[in-house]
Amino acid sequence: MTASSRLALRGDLLDFTGTPAWGALDDPAVRFRPDHWLLIEDGRIVGAQAEDPDARWTREDHRGRLILPGFIDTHVHCPQLDVIASYGAELLDWLNTYTFPAEQRYADPAVARGGAERFLDALLAHGTTAAMVFPTVHKVSAETLFEAARQRGMRLLTGKVLMDRHAPDGLRDDVDQARRDCEDLIRRFHGQDRLGYAVTVRFAPTSTPAQLAMAGDLCRQDASLYMQTHVAENRAEVEWVAKLFPEARSYLDVYDRVGLLHERAVLAHGIWLDAQDRALLAQRGAQLAFCPSSNLFLGSGLFDWVAAREAGFAVSVASDVGGGTSLSTQRSLGDAYKVQALAGRRMTAWAGLHAATLGAAQGLGLSHEIGHLGVGTLADVCIWDWARGPVAEARFAVARELHEKVFAWMTLSDERNLAAAFVAGVARHRRPDPLPHP
Ligand SMILES: [Zn+2]
């Protein structure tokens, strides 16, 4: 099937037109259009209406289901799908024991290709239609991810991982070869179809100062490039960075000194930042990916979202699989709620869903393309059951207000609720056993 047709999807449309206020249950930024048709032409959203569209439209009736923009996972590792749910380690041990051996296998193009395809299909099956992804140090791991995303029509940001020290054999590059590989990948993939290149520094400890400078140089030469890395995830890691870079004021400053903090930069975690770091993130326009599932699973710490909002930098919510234990955005949002609850705060469903859709898109400079159901965006949309199974059905039946319903959905649902995922108006995932529908 091609996207050059008129498609109308019927359901309860939910998205955001702005940033919901923290703590507000009734917020004008929430756009809820119950029982509407979402109109899609040539892969783009062209409107929404309550009236039935005429016979020129191919109609899919999902009345009684929830239609959301596809989720955007701003921090996730393709090769780590193979080590998800690994027992008993904090960050630095976990990398050495589980992650690095899994990543070594991606030197083999067949492993890289199979892994990329399995990974993207898994994202789609969880309702995630766009992502910023870490592959491995191997050039082929980025190539295969780009190619697999292109085949699926997906918005994907990735780049070969830079790491030239403190990593085992088979997982280190060197500055000159890495630069040549990055430049070749940028030329072949950046800005092609829906692909974007992200200069990908694993984290400060695994790059020499010379390699960090090279990464910053790439970003300076082309302001349209993205950047992704990790920062201040774990206390032992922060201490290690302080020893490796004694001249830097902080872990974040290691990146700022070489020009890696900019409007297209996404940094994962940021648990152990101080007020000066937060002000710097806001000043540079960089986005922080909050990864609550991973932070809890690896015992890394509790992210202070309210301090981030007060400082004024963008926060998205990401899975960080394989430190995170699920690709499900709802599971990540459920964990995000609990992390904030431990600090005596309450994250609304609006704050959570906004961070996984419009907020993430705006942070990436992509809200003209993804993140909401507005006219002109590409139709990356997912159709969800409001409730699946007797417990969720009973809860949903007694929910009254819209926020109560959506919060119960966010907390009780997962990928089993996903009926279909569309990418640019093309169904790329359908549940094999859809529930009977009226
Ligand atoms: Zn990560």
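Over the chain, with a Gaussian network built from C-alpha contacts below 10 Å, which listed residue (269, 403, 372) shows the highest mean-square fluctuation?
Greatest mean-square fluctuation among the candidates belongs to 403.
What does the charge count near residue 339 come to, summing +1 for each Lys or Arg and -1 for each Asp or Glu among other residues with Cβ under 12 Å from its Cβ? Show your work: numbers first, answer last.
Numbers: positive: 338, 345, 346; negative: 304, 335.
With Lys, Arg at +1 and Asp, Glu at -1, the neighbours total +1.
Roughly what angle does helix 402-412 make with the longest principal axis of the chain, taking Cα atoms, 0 to 90 degrees, to the nearest 10?
That works out to roughly 50 degrees.
With +1 on each Lys and Arg Cβ and -1 on each Asp and Glu Cβ, and nothing else charged, work out how big the dipole of segment 12-52 is about its Cα centre, in Debye to the nearest 20. Each step should come with its number before you reach the end.
Details: 3 positive and 9 negative charges, 41 e Å.
It works out to roughly 200 debye.
Quick one: pull the percentage of alpha-carbon pairs in segment 249-341 with a separation above 23 Å.
On the way: 960 of 4278 pairs.
Result: 22 percent of Cα pairs exceed 23 Å.
What net charge do the residues around residue 369 carry, taking every other residue with its C-beta under 13 Å from that of residue 369, with Lys and Arg at +1 and Asp and Glu at -1? Provide the component values of the computation, followed by the final result.
Values: positive: 44, 155, 194; negative: 193, 380.
Net charge around residue 369: +1.
Rounded, prolate or oblate: which fits segment 311-438, taking a ≥ b ≥ c as square roots of the Cα gyration tensor eigenvalues, rounded meaning a/c under 1.5, else prolate when a/b beats b/c? Working shown, then result.
Details: a/c = 1.60, a/b = 1.06, b/c = 1.51.
Verdict is oblate for segment 311-438.
Calculate how many DSSP beta bridges within segment 1-149 are antiparallel, expressed in % of all such bridges and rounded to the nearest 5. The partial results should precede the final answer.
Values: 15 of 26 bridges.
If I count the DSSP bridges inside segment 1-149, around 60 percent turn out antiparallel.
Report the Cα-based extents of segment 61-101 along its three principal axes, largest first, to the nearest Å.
Result, largest extent first: 49, 19, 16 Å.
Roughly how many Å² is the accessible area per residue of the chain, as a whole number, for a 1.4 Å probe?
Values: 16260 Å² over 438 residues.
Result: 37 Å² per residue.
How much mean residue ellipticity at 222 nm does the chain get from its helices, if each DSSP H run of length 4 or more adds -39500 (n - 2.57) and you divide by all residues, to the nearest 500 deg cm²/dmol?
Details: 16 runs with 156 residues, N = 438.
When only DSSP H runs of four or more count, the value is -10500 deg cm²/dmol.
In what sequence, highest mean first, do 254-264, 346-356, 182-192 appear when ranked by Cβ atoms within 10 angstrom?
Values: 254-264: 21.1, 346-356: 24.5, 182-192: 16.3.
Ranking, from highest mean packing down: 346-356, 254-264, 182-192.
If you take every DSSP beta bridge whose two residues both sit in the chain, what share of them, in percent to the nearest 5, is antiparallel? Kindly include the intermediate steps, with their values, before the conclusion.
On the way: 29 of 65 bridges.
Of all bridge pairs located within the chain, approximately 45 percent are antiparallel.
Between the alpha-carbon centers of segment 343-395 and segment 199-243, tell me the distance in whole angstrom.
Cα centres, segment 343-395 to segment 199-243: 30 Å.
Helix 175-189 versus the longest principal axis of the chain: what is the Cα-based angle in degrees, 0 to 90, to the nearest 10?
Roughly 20 degrees, rounded to the nearest 10.
Where is the GNM fluctuation largest for the chain (alpha-carbon springs, 10 angstrom cutoff): 137, 238, 317?
Greatest mean-square fluctuation among the candidates belongs to 238.
Carbon and sulfur: what percent of the chain's accessible surface (1.4 Å probe)? Walk me through the numbers before you get to the answer.
Details: 8250 of 16260 Å².
Accessible surface attributable to carbon and sulfur in the chain totals 51 percent.
Tell me the volume per residue, in Å³, of the convex hull enclosing the alpha carbons of segment 86-181. Please report the intermediate quantities before stating the final value.
Numbers: hull volume 10.4 nm³, N = 96.
So the per-residue Cα hull volume is 108 Å³.
The values are calculated or read from the model by the stated rules, or taken from the named source; none is laboratory data. Just so it is clear, the structure is predicted and the values come from calculations on it, not from any experiment. Virtual Cβ from ideal backbone geometry, glycine too; neighbours counted across all protein chains shown. SASA here: full protein model, heavy atoms, side chains in, ligands and nucleic acids out. Shrake-Rupley method; radii C 1.70, N 1.55, O 1.52, S 1.80 Å.
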